[in-house]
Every structure is written in structure tokens, then in C-alpha cells.
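The values are calculated or read from the model by the stated rules, or taken from the named source; none is laboratory data. All values derive from a computational prediction rather than experimental measurement. Cβ coordinates were reconstructed from backbone atoms using ideal geometry, including for glycine residues, and neighbour counts include every protein chain displayed. Side chains included, ligands, DNA and RNA excluded: accessible areas come from the protein's heavy atoms. Shrake-Rupley method; radii C 1.70, N 1.55, O 1.52, S 1.80 Å.
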2 protein chains.
Amino acid sequence: MSVEQQAPSPVLFFETVSAYQRSAAIKAAIELGLFTAIGEGNRTAHDLAARCQASERGMRILCDYLTAAGFLTKENDGYGLTMDSATFLDKKSPAYMGSAVEFLLSPMLMQAFDNLTEAVRQGGTRLPDEGSVAPEHPVWVQFARAMAPMMAMPAQLMSKLIAAAPHSSLKVLDIAAGHGMYGITVAQNNPGAEVVALDWPHVLEVAKENAQKLGVSERYSTIQGSAFDVDFGSGYDLVLLTNFLHHFDTETCVSLLKKVHDALAEGGRAVTVEFVPNEDRITPPPSAMFSLVMLSSTPKGDAYTFREFDEMFKRAGFSRSEFHQLPPSPQQVIISYK
Amino acid sequence: MSVEQQAPSPVLFFETVSAYQRSAAIKAAIELGLFTAIGEGNRTAHDLAARCQASERGMRILCDYLTAAGFLTKENDGYGLTMDSATFLDKKSPAYMGSAVEFLLSPMLMQAFDNLTEAVRQGGTRLPDEGSVAPEHPVWVQFARAMAPMMAMPAQLMSKLIAAAPHSSLKVLDIAAGHGMYGITVAQNNPGAEVVALDWPHVLEVAKENAQKLGVSERYSTIQGSAFDVDFGSGYDLVLLTNFLHHFDTETCVSLLKKVHDALAEGGRAVTVEFVPNEDRITPPPSAMFSLVMLSSTPKGDAYTFREFDEMFKRAGFSRSEFHQLPPSPQQVIISYK
């Protein structure tokens with residue numbers, strides 16, 4: 001909203017009501033391999049249709065839509081990739097993250113928004129069995145497979161953030177490891193690191209595959225089960241909490257953080273990767289808006305502010321917490337010291 | 001995309017994948033009467049929850065989301081309406097258009113996007129029975145009821161655009177009248193106007209109710225059936241084609257326009273309200289992006305450019321066509337002369 005706005009306009013309302021079409025369009029483009037086909041040099045709707053086994057009419061309409069939406073360039077009748085699309089949506093790019101739609105647009109997450117009105121009324125998910133936090137929910141295997149590429153970049157950024165003086169050894173616990181990318185990246189960047197990944201058994205299969213592929217499997221072990229139930233062991237230098245705490249209420253988080261505190265060695269650190277909105281809870285938009293995903297898909301999850309996290313860590317016995325942005329990732333990092 | 005962008009960013013991808021949540025949020029807010037409750041003076045999540053019979057937690061998360069999305073203001077813990085929200089989303093505003101979500105987010109239209117990939121492959125809707133253009137499709141009754149308020153403003157703007165020297169009489173045919181707002185508004189603004197509305201019988205019930213409510217029923221008559229089959233009569237000064245031609249391919253449009261041409265008096269005008277993209281087909285975004293709605297919900301519909309419309313009208317016998325923007329409506333108007 002510009003402060004100079006003189007007359008009311010229905011455009012934002014119309015665009016927002018139609019926003020679900022943007023999600024469908026990017027999903028279709030990824031499923032059709034459109035960005036990859038343009039990266040190969042196919043430029044016109046005619047050539048792209050042939051390459052992607054689609055109709056020329058459908059391809060023309062989809063490409064124009066994606067150009068208007070900021071994903072493509074158009075000159076005469078030829079389409080090109082933006083820098084972002086070439087980097088993240090062309091399968092031949094090492095930073096390809098298109099597979100993320102298989103989790104982010106999975107039926108479970110989308111169904112959570114089918115009855116948002118009722119979730120707002122009740123104050124929590126209307127999905128059966130507590131939604132995404134149900135034990136061994138199969139969506140987390142899908143998460144682990146789909147999100148690994150999207151997490152490679154923030155995992156590198158986080159890993160650089162926690163780099164200290166070279167350690168002869170670094171004992172790392174990766175809680176709710178999922179794809180395992182955070183712990184695996186720390187292992188790659190620290191030759192003395194030994195990583196213990198914790199998650200549901202079927203999810204850990206994915207993490208172990210990734211550890212194997214990325215050459216750290218000899219320094220990679222696992223603990224199967226719920227982070228709230230299993231024994232963590234002790235003497236860790238780092239405990240990673242990546243996109244985990246947002247699923248739970250404050251008291252549940254504090255009880256887990258006490259367990260994390262106990263498992264850390266003296267001087268050890270807990271590293272939290274999260275959507276952390278500012279104190280106003282409305283900026284930055286990706287972190288502020290993430291709270292609605294938790295309202296719709298969990299009983300009591302939220303996007304907590306740094307002040308709230310700092311308080312939780314203090315209650316769990318940590319001495320202090322630091323807040324870091326992680327650009328160009330939309331997420332934030334909190335490093336908390338035992 | 002800023003031309004100064006130096007490093008690739010995944011933010012547009014992440015926002016676009018999550019865009020369906022924006023549609024769900026605005027729908028929930030309208031269903032809960034949130035904007036109306038704020039307009040009444042309720043400001044905090046606590047007070048809004050009580051007024052809207054919702055949880056305080058759900059209300060706080062929804063209001064923060066809508067603030068980040070541009071629909072609300074926030075100061076301390078109090079929420080307020082933007083100029084746009086106060087005008088268009090508060091039920092007590094005469095320009096309230098919140099009911100539009102009942103059509104724009106109807107299951108039929110949203111299901112059309114469930115399998116967009118296949119629609120792009122095939123070049124047309126994957127909905128059964130030709131999607132939204134099936135004879136007497138019940139969605140058009142829903143359209144007529146839900147969209148009347150949203151169309152009041154563009155109907156006024158269009159009516160002003162066609163105002164000529166005061167007529168002693170003005171014979172108007174409103175093809176696929178729906179809610180009837182375009183023809184009814186012309187009748188309100190021109191005391192000598194007689195309007196004939198054409199649509200499916202159940203849809204015409206809604207148009208007749210609106211004509212009654214708005215005080216023009218004595219100058220309002222109807223023709224039931226398909227615009228392609230029924231006799232229009234003749235001697236019309238104006239034929240209105242509002243949001244109709246986009247459902248069909250060029251040849252079908254031309255055949256209809258010939259019939260329109262025949263029904264017009266000498267010097268008569270066809271008035272087309274449409275999403276008309278520029279020749280580049282990527283601007284302005286609302287008109288350019290509308291084409292995807294036609295791909296997904298009709299066999300052969302499209303958002304045509306002015307050059308394409310001009311050609312269709314010429315082929316149907318019209319002498320010339322004029323192009324007009326209709327701000328702040330996102331739509332455009334074409335006036336074609338017999």
C-alpha cells in the first residue's frame with residue numbers, strides 16, 4: 001500500500017483471491033520441465049511444447065503467465081530464464097530446488113488450508129491426528145526427499161556461521177534431521193565432526209542416503225525415534241534444531257531445550273534455524289506469514305520471535321542467545337550457548 | 001525482478017509456491033467477518049476473536065498474516081483497515097465485494113487448477129463436460145449471486161463511458177447478463193433505456209431480483225437460453241458483452257458477433273468488457289494472467305488482445321472499435337460501431 005494512494009483499488013483483493021493460481025502455475029511448470037527446456041535453448045511456445053510434450057496453446061499461456069509472475073523473460077515470441085529461474089528451477093543447475101513443490105504443495109499441507117476458517121475458530125489444525133506432528137507421519141519422508149536441494153544453500157550458510165577455530169573433534173547432534181542436509185554440511189565443512197542424526201526410522205533412510213552420496217557416512221550415525229522420548233547421549237559441541245521448534249507450543253519447546261542443554265558439553269551451542277519474525281510479527285513477510293502454516297497444520301505450533309526464543313532458551317538453562325539473518329535464505333538462525 | 005539484482009534469490013519461488021495460502025487467508029477473513037468487525041471498532045486479537053466467534057490465537061495469526069499481505073494496518077497490538085479493505089471488504093461499505101470469493105474460489109474454478117499440468121499438455125480444461133461453458137452449469141447462478149457487488153463499480157464506469165447525448169430511448173441487449181449489473185446500471189443512468197437480459201433461466205432469476213431491487217424492473221425483460229441459439233430480436237442501440245467472449249475460440253466469437261451485428265440498429269454499438277492484455281501478452285498482469293483461468297476451465301477460451309478483438313469485430317461487419325481502460329477496475333472496454 002503506497003501512502004500516496006488517493007482512491008481505493010480492488011486490485012490487491014483480486015490478486016490475492018487469484019493467488020492460488022500462482023502456486024498451480026509454478027507446480028505445472030516444474031512438472032513439465034519447462035525451465036529446464038528453456039535452459040536447453042528452446043525459446044518459443046512451439047519448441048517448448050514439443051520438448052515438454054505439451055500443447056503449443058497451453059505452453060504459450062503458461063509461459064506468458066510465468067513471465068507476468070516474474071519467472072521468465074519474453075522478447076518477441078521467445079522466452080528466457082531470469083537469474084533466479086536459471087539458478088533454482090533448471091534441473092541442470094547444481095542449485096535446483098524444484099522438487100520442493102512435492103513437499104510444499106503436498107496434499108497434506110494444502111488440505112490444511114482447505115478449512116482455514118475453522119482452524120482460526122478453533123486455534124489449531126483441523127487435520128486428523130494432530131496434523132503434521134503425528135508420530136511417523138509419512139509426509140516427513142516426502143519432506144526429506146523433496147526438500148534436500150532447497151536446504152543445501154541455507155545449510156551452507158548456517159555451517160559457515162557456526163565455523164569456529166578448527167576443531168580436532170566436533171560432536172554434533174542433528175535433531176529431526178529430515179534430509180540430513182544441515183548435519184551433513186557441517187560434517188563436510190569440519191573434517192573432525194562426527195554427526196548423530198535423530199528422526200523417525202523411514203526418514204533416517206533418506207538422511208543416510210544423502211550422507212553416503214555426500215561422502216560423510218563414516219562419520220554419520222543415527223538415533224531412531226521421537227526427540228521427546230529417546231536418549232540423546234551427551235557431550236555434544238553442537239545440537240542442531242532446524243525447522244523443528246515451530247511445530248510446538250512454548251512449554252513443549254522449553255522441555256525439549258532442557259534436554260538439549262543436558263546433552264551439550266560445557267561451552268556447547270544449540271543452533272536453531274527457523275522462521276523468526278521481528279517483534280512486530282508482521283516483518284519480514286516470509287517469516288511472519290509462516291505462522292499461518294503452523295496454525296493450519298499443527299495443534300499449537302507458531303513462528304516465534306527472537307525475544308520468545310531467547311526466553312525459552314534462558315528457561316532451559318542457556319546463558320545467552322545470538323540472532324542472525326541468513327540471506328538470501330528467508331530464514332533466520334539463533335545460536336544459544338550453554 | 002530488479003535489474004540491479006546481483007545474486008540469485010529463492011524468495012520469489014518460495015512466495016509463489018506458498019501463494020495459495022493468500023487465497024485461503026482472505027477467504028477465511030471474509031467468512032469470519034473480520035474486516036467488518038475491525039470496521040466496528042474491534043482492534044485487538046482478543047476483541048476480534050470474541051466478535052467473530054474465533055480463538056484469540058487463530059485471530060492473532062490471521063491478522064498478522066493479513067497485515068503482512070497488505071490488507072490490514074497494525075500499531076502496537078491493534079489492527080486497522082487499509083483504505084482498500086475499508087472500501088471493499090467491510091460489509092457495511094456500499095462497495096463491499098467480499099461475496100466474490102464464493103465464485104472466484106468456488107470448487108469448480110479451483111478444481112480446474114488441480115491438474116493444470118494436464119491442461120497445459122492438452123491445451124484446454126480437464127474438467128468434465130467442457131468445464132464452465134457446459135449448458136446451464138450451476139456455477140453461473142453462483143456467479144450471478146456472488147459477483148454482483150464486485151461488478152457494481154466497473155458497471156458504473158462502463159455506463160459512464162458509453163453515455164452519449166441524452167436519448168429519448170435506448171434499446172439495450174445484455175448478453176450472458178449474469179447478475180445483470182451492467183444492463184441494470186445502464187438503465188439506472190439512462191431513464192429512456194429498455195434492457196433485455198439474456199442468460200440461462202436460473203441465472204435470470206438473479207438478474208431480475210437485482211433489477212427489482214435497483215428500481216428498473218419496469219424497463220427490464222429477459223430472453224432465456226444460449227446466446228448462440230436464441231433469437232436476439234433487432235434494433236438495439238447497445239449490445240453488452242461483459243466477460244463472455246473470453247470463454248470461446250476466435251471462430252465462435254466471430255459467429256456470435258455477426259449475430260450481434262445483425263441485431264444492432266444502424267449506428268448501434270457493441271460494448272465488450274474483458275481482460276484485454278497488451279500486445280506483449282504479459283501486461284497488465286491481471287489481464288495477461290487471466291488467460292490461464294480460461295486454459296484451465298474452458299476448452300478453448302483465452303484473454304484476447306485488442307488487435308485480436310478488433311479483427312474479430314471487423315470480420316463480423318463492424319466498422320471500427322475503440323479501446324478504453326477502466327481504472328481502478330483491472331478490466332478493459334472495447335466499443336465497436338456498426
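The table for this structure:
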| item | result |
| --- | --- |
| Label geometry 7 Å along the beta-carbon vector: B:Gln212 inter-copy distances in nm | 7.2 |
| Label spacing, shortest first and in nm, from A:Ala163 to its equivalents in the remaining copies (7 angstrom along Cα→Cβ) | 7.0 |
| Probe 1.4 Å - accessible area at A:Asp249, Å² to nearest ten | 40 Å² |
| Relative contact order (percent, whole number), chain A, Cα cutoff 8 Å, 6+ residue spacing | 13 percent |
| Degrees separating the helix A:250-263 axis from the principal Cα axis of chain A, which is the longest one | 50 degrees |
| Proximal lysines relative to B:Lys338, as straight alpha-carbon distance under 19 Å, when same-chain residues fewer than 8 apart are discounted | B:Lys171, B:Lys258, B:Lys259, B:Lys314 |
| More than 17 Å apart - percent of Cα-Cα pairs taken over region B:276-316 | 34 percent |
| Distances in nm from B:Thr73 to the matching label points in the other copies, shortest first (labels 7 Å along Cα to Cβ) | 4.0 |
| Estimated inter-spin distance, B:Gln212 and B:Asp77, nm [label 7 Å along Cα→Cβ] | 4.9 nm |
| Rounded tilt (10° steps) of A:56-68 against the dominant C-alpha axis of chain A | 60 degrees |
| Solution diffusion estimate, µm²/s, Stokes-Einstein, region A:121-231, Kirkwood Rh from C-alpha pairs, 4 °C, viscosity 1.567 mPa s | 88 µm²/s |
| Where only alpha carbons of region A:1-129 are counted, the Rg and the Dmax (Å) | 18.0, 53 |
| Entries in A:Lys27/A:Lys92; A:Lys27/A:Lys160; A:Lys91/A:Lys208 that, when Cα-Cα distance is taken, lie over 21 Å | A:Lys27/A:Lys160; A:Lys91/A:Lys208 |
| Amide H contacts of A:Gly225 (H built 1.01 Å from N, under 5 Å, at least 5 apart or other chain) | A:Asp199, A:Trp200 |
| Inverse of mean 1/r across different Cα pairs in region B:170-239, Kirkwood, Å | 11.6 Å |
| Length-normalised contact order for region B:257-312 - Cα pairs under 8 Å, 6+ apart - percent | 30 percent |
| Rounded if a/c under 1.5, otherwise prolate or oblate - region B:53-169, Cα gyration tensor axes | oblate |
| Listed residues B:Gln142, B:Gln188, B:Gln21, most fluctuating in chain B (Gaussian network, C-alpha, under 10 Å) | B:Gln21 |
| Other-chain or far-sequence residues with amide H under 5 Å of A:Lys74's (modelled H) | A:Gly80 |
| Local electrostatic count at A:Val141 - Lys and Arg +1, Asp and Glu -1, tallied over other residues with Cβ under 14 Å | -3 |
| Alpha-carbon spread of the protein assembly as shown, three principal axes, descending order, Å | 94, 57, 42 |
| Chain A: calculated mean residue ellipticity at 222 nm from DSSP helix runs of at least 4, using -39500 (n - 2.57) | -13500 deg cm²/dmol |
| A:Val230 accessible area, assembled protein chains, probe 1.4 Å, Å² | 30 Å² |
| Translational diffusion of chain A, µm² s⁻¹ [Kirkwood Rh, Cα pairs; Stokes-Einstein; 20 °C; 1.002 mPa s] | 99 µm²/s |
